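Structure record follows, encoded as C-alpha cells.
The values are calculated or read from the model by the stated rules, or taken from the named source; none is laboratory data. Computed from a predicted model, the values in this text were never measured in an experiment. Neighbour counts are summed over all protein chains in view; Cβ atoms, including those assigned to glycine, are modelled from backbone coordinates with ideal geometry. The area values use the complete protein model at the heavy-atom level, side chains included, leaving out ligands, DNA and RNA. Shrake-Rupley method; radii C 1.70, N 1.55, O 1.52, S 1.80 Å.
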Amino acid sequence: MLKKCIAECLGTCVLVVFGCGTAAAIGCDVSGGYVATALTFGLVIVAMAYSIGNISGCHINPAVSLAMLISGKLSVSDFIYYIVSQFAGGIIGALILKIFASSGAIDAGLGSNGLYNGNVGLSILIEIILTFVFVLAILGVTSRDAFSNVAGLVIGLTLTLVHLLGIYFTGTSVNPARSLGPAIFAGGDALSSVWVFIVAPLIGAALAALCYKFLDTDK
C-alpha cells in the first residue's frame, strides 16, 4: 500500500505540474492554447498509465477512486489511502507551480478552475457531465483484460476529449485533486469556488459507476 500511495501521489503531482503548468504557461484564451492544454492532460495520463498503472492502477483522481469503490474494485480503507495520496500530490504539484509563478515564468492563477460566467449551477452541471463521460470510459476500458494494452491510451484520449469542450467553460476539472492544489496557492475566486470542482466530479463519477453497474450486468 505504501508503494501504491507513493505512485498515486507522484502521478497526481505530475498531472498538476504538466497539465496545469501548460495552461498557466501558454494560456487558454485562444484555440491553440485549448488544444495544447487538452493534449498535455491526456498525454500525462498516457505516460502515467504505462509507468505506474501496474503499481496502483493509476487513478490519480479521487473521482476515479470513488467510482472504483462503488464498483467494488477498491476497499474503503484503500479508497481513503488513495484520495489522501492524490490530494497530497495535487498540493505538491501546485507548490512547484507556485515556485515557477514567483519567478514570473507562468501565470499566478496556476491553471486553476473557475465558474462559467459566475454561474454555480451551470458549472456543476458541466463538471458532472464531463466527469460522467470520462469515468464511464475508464470503467468500460478497464473492465476487460482484452483492453489492457490500450487502456492507458483510451483513457488519455478521453481526458483530452473532455478538456477540449470543458476548458472554455470551467477550465475542466473532472478531478478534485487537480483543482484543490492550484486553488490553495492561487487563492481568491479560485479558492472560494473550489468546492464546486470537488463536489461535481464526485457526483459525476458516482453516477457513471452506478450507470455502468446497471449496463454491465445480465440481470
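Quick check on my filter: what residues within region 88-110 are more than 18 Å from residue 3 (Cβ to Cβ) and outside any loop (DSSP other than H, G, I, E, B)?
Step one: filter region 88-110 for residues more than 18 Å from residue 3 (Cβ to Cβ), giving 90-91, 93-110.
Passing the criteria: 90, 91, 93, 94, 95, 96, 97, 98, 99, 100, 101, 102.
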Residue count, region 187-197, condition outside any loop (DSSP other than H, G, I, E, B) and open to solvent by less than 40 Å² (accessible area, probe 1.4 Å), comes to 3
Per the list (1) open to solvent by less than 60 Å² (accessible area, probe 1.4 Å); (2) assigned to a helix (DSSP H, G or I); (3) among the β-branched types (Val, Ile, Thr), residue check on residue 172 breaks on (2)
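Looking at 136, 165, 122, which is the one that is open to solvent by 40 Å² or more (accessible area, probe 1.4 Å), without any contact (Cβ under 8 Å) to a residue 60 or more places away in the chain, in contact with a Phe, Trp or Tyr (Cβ under 9 Å, 6 or more places away or on another chain) and assigned to a helix (DSSP H, G or I)? Let's see the steps before the verdict.
Values: 136 fails: without any contact (Cβ under 8 Å) to a residue 60 or more places away in the chain; 165 fails: in contact with a Phe, Trp or Tyr (Cβ under 9 Å, 6 or more places away or on another chain).
None of the others qualify; the one that does is 122.
Any idea which of 34, 82 is open to solvent by less than 20 Å² (accessible area, probe 1.4 Å), assigned to a helix (DSSP H, G or I) and hydroxyl-bearing (Ser, Thr, Tyr)?
Numbers: 34 fails: open to solvent by less than 20 Å² (accessible area, probe 1.4 Å).
Among 34, 82, only 82 is open to solvent by less than 20 Å² (accessible area, probe 1.4 Å), assigned to a helix (DSSP H, G or I) and hydroxyl-bearing (Ser, Thr, Tyr).
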How many residues of region 104-119 are in contact (Cβ under 8 Å) with a residue 40 or more places away in the chain and open to solvent by 60 Å² or more (accessible area, probe 1.4 Å)? The answer is 3
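Give 47, 24, 101, 63 a once-over and let me know the one that is more than 19 Å from residue 186 (Cβ to Cβ), in contact (Cβ under 8 Å) with a residue 24 or more places away in the chain, in contact with a Gly (Cβ under 9 Å, 6 or more places away or on another chain) and surrounded by fewer than 24 Cβ atoms within 10 Å (Cβ to Cβ).
Only one candidate passes the filter, namely 47.
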Open item on the list: Would you confirm, using the coordinates I've provided, whether residue 150 is farther than 28 Å from residue 27 by Cα, buried (at least 16 other Cβ atoms within 10 Å of the Cβ) and of a type outside the set (Ser, Thr, Tyr)?
Closed with: no
Result of the Cβ filter at 9 Å on region 204-219, keeping first residues that are in a helix (DSSP H, G or I) and partners that are open to solvent by 70 Å² or more (accessible area, probe 1.4 Å), at least 6 apart or interchain, is 204/129
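Quick one: which of 157, 180 is in a helix (DSSP H, G or I), open to solvent by 10 Å² or more (accessible area, probe 1.4 Å) and over 20 Å from residue 66 (Cα atoms)?
Numbers: 180 fails: over 20 Å from residue 66 (Cα atoms).
Sole residue among the options that is in a helix (DSSP H, G or I), open to solvent by 10 Å² or more (accessible area, probe 1.4 Å) and over 20 Å from residue 66 (Cα atoms): 157.
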